[in-house]
Amino acid sequence: MKRVIVTFLLLSVIVFTNNEGMAAETSGMASGALEQPAYGDAIVAALSGNPSVLIPMLAGDSASHDVAGLIFNGLVKYDTDLSVTGDLAESWEISPDGLVITFHLKKGIKWTDGVEFTADDVMFGYKTIIDEKTATPYKGDYLQVKKAEVLDRYTFRVAYDKPFAPALTTWGSLVVLPKHLLEGKDITKSKFARNPVGMGPYKLKKWAAGQEVVLDSNRDYFEGRPFIDRYIYRIIPDPATQFIELRAGGLDRMGLTPIQYKKQTDNEFFRKNFRKFRYPVPSYTYMGFNLRHPWFKDKRVRQAIAYAIDKEEIVDVVLFGLGRPATGPYVPGTWYYNPDVRQYEYDINKAQRLLKEAGWSDTDNNGILDKDGKPFEFTILTNMGNNLRKNTATIIQWRLRKIGINVRIRLLEWSAFINEFIDKRRFEMVILGWSLGFEPDQYDIWHSSKTGEKEFNFVSYSNPDVDELLEKGRRTFDIEKRKKAYYRIQEILADELPYIFLYVPDATPVVHSRFKGIKPTTIGIGYNLHEWYVPKNLQRYSIKP
Amino acid sequence: MTIYLLKRFLEMIPTFFGITLLSFFIIHLAPGKPTDLLSEMNPKITPEAREKLEQLYGLDKPIAVQYGMWLKRVVKLDFGESFSTDRRPVMEKIWDPEQPLLDRRLFVTFSINVLSMLIIFLIAIPIGISSATHRYSLFDKITTTSVFIGFATPGFWLALLLIMLFGLHLDWLPISQLKSMDYDSLSMSGKIWDRTRHLILPVFVSSFGGIAGLSRYMRSSMLEVIRQDYITTARAKGLPETKVIYKHGLRNALLPIITLLGLSVPGLIGGSVIFEQIFGIPGMGALFYMSVMMRDYPLVMAILTIGAILTLIGNLLADIGYMFADPRIRVK
């Protein structure tokens, strides 16, 4: 059950990377200088669910995006330093007013069926994604395009009404589709979704639903033939079974849970045979106040609660130290992360003083604060099946009890939680998380116009300064100006605390040590998959093409 | 007798529609929609896009209309298209013609269930008889105790322990899934052996709990029979004890088992979510669970409908079985 919900949550991941993150700490064997790169061997990974459709713009589940990410490319991608770099595009120009983006495509790239990739394929993909009949959740960004045109075989131009900074990265892997195979067909029903043709490092060889997905390397990949000949995904839903498979040699890579990373792989066997990685993922877990609730309208109350919670403790206990306290909605290490915002280190005296100022005191001596005859009691809601959140809520409950606040915890099934509680604003406090990728624009989460039903500012945060800064940040391509806006937003949020930002978890993948050439960076380990290799003498599988 | 059967059959038709009507409304009562998967908590979606999605799935129509549309298709034996993003026909998900027979979901679950049912009956019935005939003996006490331990053991825990023991430490059996990665390159006998090895643990674990229940059932049924006068008569005639037990006793004691058999017919296609999850087996349980979590109404309804039909058939078969086995019912 846990996996399913995790899958549900991953849906909010912006679909731009392959779901691999960046890397900071590694352990295990370093690659030796004598080991020469060699072609051959296979890498075996696990998927916890069956992919549903291998066309990126139609896929809603993380399994589909994992697989489709190996098959398709976009015009642009994130570089290892989080700047945007060309993928299928050689270069691009943004007009001085920020309204027009012109992409110059790389020449000579071929779809795996041998047909050349051109600007028509980009146009076709764009038209498909904005088509009324295409059921895709990713339409919104592309509807902002005022005009798209193919200037010549290798030049594609889009124009916007207003400058839109996140626009550039929307031209990632969602939109490029082979026109010659799909023109005039209904892509939601075509065989293409189960048998796609792309131009990425791998191409689909076999897909046995519910069992495995086998991909072979694309020998004509435009960044160079991948060294590893085959990529096999085995569909194994249970994380405990995945771990036993890894231990027994049936898997070469997986994402570890905190306890697996810290305890179960802390032995000679794993040090010898595997390489562990660790890096923050662009997501955070938070506790959100319902700012329409009279108690939580008072900033002092929110700040008091922040002082009463020990974030370090939560990271240590819940994540086994594999993460870090969050200070705002961004991940440390990114260009828009502001490290110098107001911090709330655990301080029970400050918390009590602020509550007293706000009018809360224990008048009847029952250990619970009260005001106007009402005891300070509320419920934290979170979704069922996510133990990290449940444990976090439990620690917070215990900490708040110490300053005289009585907290109840209620776990709800995901759909019921969203439809009956979040959408209807029937909550006092929630613990949830956001996974938003590397784009700093969080307009939908903080702008005061986004508080309607089904919109994402469900805590009802409203601050004219933040509104203006959000607008500023998304209307310029100038990185310095954007940085300034996002730095200021973080300062305001840290002071006003519409959320208490709790922690940024680390991704903790493990890869078999025979794979060399893995270079952990800020965007993770998967970005250079085609350069991973296994030296000839260490190869485990022989692949007959 | 033909009239009785005909009547029974006609009765099944309104029951069937009643079941589908209730199921349809109940699953629509659960909060959430199939489009949630794409649209919930996804800041990239606009309200218009969400409405569009709902229209595409026909969710904007009143629920009674939706049921009518569903019914119209089902009487033509068409379960429609899945609401998941692949939009495949529901029947293809259950019974995928592109895959070999052995890998189709319905077949996978069906074969595991038939195998484990056979094992349950083969083991539980003799255990039940012996503990009844040797009531309060050491054997009875041992089996009773172990049967209760078996009954109380959580299946997922046992499954993980067995995987660790046989898959990892002893390395005798594969850990998960239906076949090995090199399956396609194996010879015919190799393929059979490979599949057999993969089935051992799942079949064992899924029969484990069932043995406990059925053997207790058998024991009490047998105990009741051997207290009857005709058993005393048989003994008084001087028949050997084996004949008394197996000819006169067992045949009567097996009557309630017919009911159990009938009731287990729909269970044959219902996979266990937990075992399938742990062993990574692509069966009906995993499919049904995912379809409920994603509110994939056509798929949920298809599985429920097939289940309803099998339940009705199972009941009918049990009744017919009784008619053959028990003269008292035939006379009525």
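The values are calculated or read from the model by the stated rules, or taken from the named source; none is laboratory data. Note that the structure is a prediction, hence the values are computed from the model and not measured. Every residue, glycine as well, gets a Cβ built from its backbone with ideal geometry; the counts of neighbours run over all protein chains shown. Just the protein is used for accessible areas: all its heavy atoms, side chains included, with ligands, DNA and RNA removed. Shrake-Rupley method; radii C 1.70, N 1.55, O 1.52, S 1.80 Å.
Before moving on, here are some points about what is shown:
- The listed residues are B:G155, B:G150, B:G213, and the only one of them that is closer than 21 Å to B:I274 by Cα, surrounded by fewer than 19 Cβ atoms within 10 Å (Cβ to Cβ), within 14 Å of chain A (Cβ to nearest Cβ) and touching a residue at least 40 places away in the same chain (Cβ under 8 Å) turns out to be B:G155.
- Within the stretch A:97-108, at least one residue is at pLDDT below 95, among the small types (G, A, S) and open to solvent by less than 30 Å² (accessible area, probe 1.4 Å).
- When A:D87, A:D120 are screened for being in contact (Cβ under 8 Å) with a residue 40 or more places away in the chain, in contact with a His (Cβ under 9 Å, 6 or more places away or on another chain), assigned by TED's automatic domain parsing to the domain that holds A:K146 and not hydroxyl-bearing (S, T, Y), only A:D120 passes.
- Total residues in the stretch B:264-304, condition outside any loop (DSSP other than H, G, I, E, B) and small (G, A, S): 6
- Unique match (being open to solvent by 50 Å² or more (accessible area, probe 1.4 Å) and modelled with pLDDT of 95 or more) among A:E471, A:E491, A:E480: A:E491
- Some residue of the stretch A:369-378 being loosely packed, with under 15 Cβ neighbours inside 10 Å and within 25 Å of the chain's Cα centre (by Cα): no
- Among the residues making up the stretch A:36-81, those that are assigned to a helix (DSSP H, G or I) and farther than 23 Å from A:G255 by Cα are A:M57, A:L58.
- Total residues in the stretch A:176-211 satisfying the condition of being acidic (D, E) and either buried (at least 22 other Cβ atoms within 10 Å of the Cβ) or away from chain B (no Cβ under 14 Å) (or both): the figure is 1.
- Helices (runs of 4 or more DSSP H) completely within the stretch B:56-137 that count 2 or more residues being surrounded by 15 or more Cβ atoms within 10 Å (Cβ to Cβ) and away from chain A (no Cβ under 14 Å): B:63-74, B:105-133
- Some residue of the stretch B:173-180 being closer than 30 Å to B:P100 by Cβ, away from chain A (no Cβ under 14 Å) and among the small types (G, A, S): no
- Scan the stretch A:212-242 for residues that are free of Cβ contacts under 8 Å to residues at least 60 places away in the same chain, open to solvent by 10 Å² or more (accessible area, probe 1.4 Å), within 10 Å of chain B (Cβ to nearest Cβ) and not in a strand (DSSP E or B) and the total you get is 1.
- Residue that is over 30 Å from A:R482 (Cα atoms), among the hydrophobic types (A, V, I, L, M, F, W, C) and more than 14 Å from every other protein chain (Cβ to nearest Cβ), where the choices are A:L70, A:L105, A:L58, A:L54: A:L70
- Meets criteria (aliphatic (A, V, I, L, M) and open to solvent by less than 10 Å² (accessible area, probe 1.4 Å)) for A:I71: yes
- Matching residues, the stretch A:243-258, being open to solvent by 20 Å² or more (accessible area, probe 1.4 Å), more than 14 Å from chain B (Cβ to nearest Cβ) and either farther than 23 Å from B:I163 by Cα or not in a helix (DSSP H, G or I) (or both): A:R253, A:G255, A:T257
- Residue match in the stretch A:324-344 (condition: more than 20 Å from A:Y279 (Cβ to Cβ) and surrounded by 21 or more Cβ atoms within 10 Å (Cβ to Cβ)): yes
- Matching residues, the stretch A:142-156, being of a type outside the set (S, T, Y) and surrounded by fewer than 20 Cβ atoms within 10 Å (Cβ to Cβ): A:L143, A:Q144, A:V145, A:K146, A:K147, A:A148, A:E149, A:V150, A:L151, A:D152, A:R153
- Check on A:L70, at pLDDT 90 or above and under 30 Å from B:F288 (Cβ atoms): yes
- Test: residue in the stretch B:181-197 that is under 30 Å from A:K544 (Cα atoms), open to solvent by 20 Å² or more (accessible area, probe 1.4 Å), among the hydrophobic types (A, V, I, L, M, F, W, C) and within 12 Å of chain A (Cβ to nearest Cβ): yes
Residue-wise test of (1) open to solvent by less than 10 Å² (accessible area, probe 1.4 Å); (2) within 17 Å of the chain's Cα centre (by Cα); (3) closer than 19 Å to A:I236 by Cβ.
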residue	(1), (2), (3)
B:I258	no, yes, no
B:G280	yes, no, yes
B:V300	yes, yes, no
B:I309	no, yes, no
B:I320	no, no, no
B:A325	no, no, no
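- Any chance B:M284 is free of Cβ contacts under 8 Å to residues at least 12 places away in the same chain, within 14 Å of another protein chain (Cβ to nearest Cβ) and at negative phi: no
- Filter result (assigned to a strand (DSSP E or B) and in contact with a helix residue (DSSP H, G or I) (Cβ under 7 Å, 6 or more places away or on another chain)) within the stretch A:492-509: A:I500, A:L502, A:Y503
Here's the yes/no breakdown for (1) part of a loop (DSSP other than H, G, I, E, B); (2) at the interface with chain B (Cβ under 9 Å from one of its Cβ atoms); (3) aliphatic (A, V, I, L, M); (4) open to solvent by 10 Å² or more (accessible area, probe 1.4 Å):
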site: A:N391; (1), (2), (3), (4): no, no, no, yes
site: A:Q397; (1), (2), (3), (4): no, no, no, yes
site: A:R408; (1), (2), (3), (4): no, no, no, yes
site: A:L411; (1), (2), (3), (4): no, no, yes, yes
site: A:A416; (1), (2), (3), (4): no, yes, yes, yes
site: A:R426; (1), (2), (3), (4): yes, no, no, yes
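- Any hit, the stretch B:26-48, residues being within 14 Å of chain A (Cβ to nearest Cβ), open to solvent by 70 Å² or more (accessible area, probe 1.4 Å), in contact (Cβ under 8 Å) with a residue 24 or more places away in the chain and within 30 Å of A:S283 (Cβ to Cβ): yes
- Criterion applied to A:F456, A:F477, A:F438 was being within 14 Å of chain B (Cβ to nearest Cβ) and part of a loop (DSSP other than H, G, I, E, B), and the one residue passing it is A:F456.
- Candidates are the residues of the stretch B:165-176 that are in contact with a helix residue (DSSP H, G or I) (Cβ under 9 Å, 6 or more places away or on another chain) and open to solvent by 80 Å² or more (accessible area, probe 1.4 Å); the one that is nearest to B:I120 (Cα to Cα) is B:W172.
- Residue that is surrounded by 17 or more Cβ atoms within 10 Å (Cβ to Cβ) and among the aliphatic types (A, V, I, L, M), where the choices are A:A159, A:A167: A:A167
- Test: B:L304 is within 14 Å of chain A (Cβ to nearest Cβ), closer than 25 Å to B:S84 by Cβ and modelled with pLDDT of 90 or more: no
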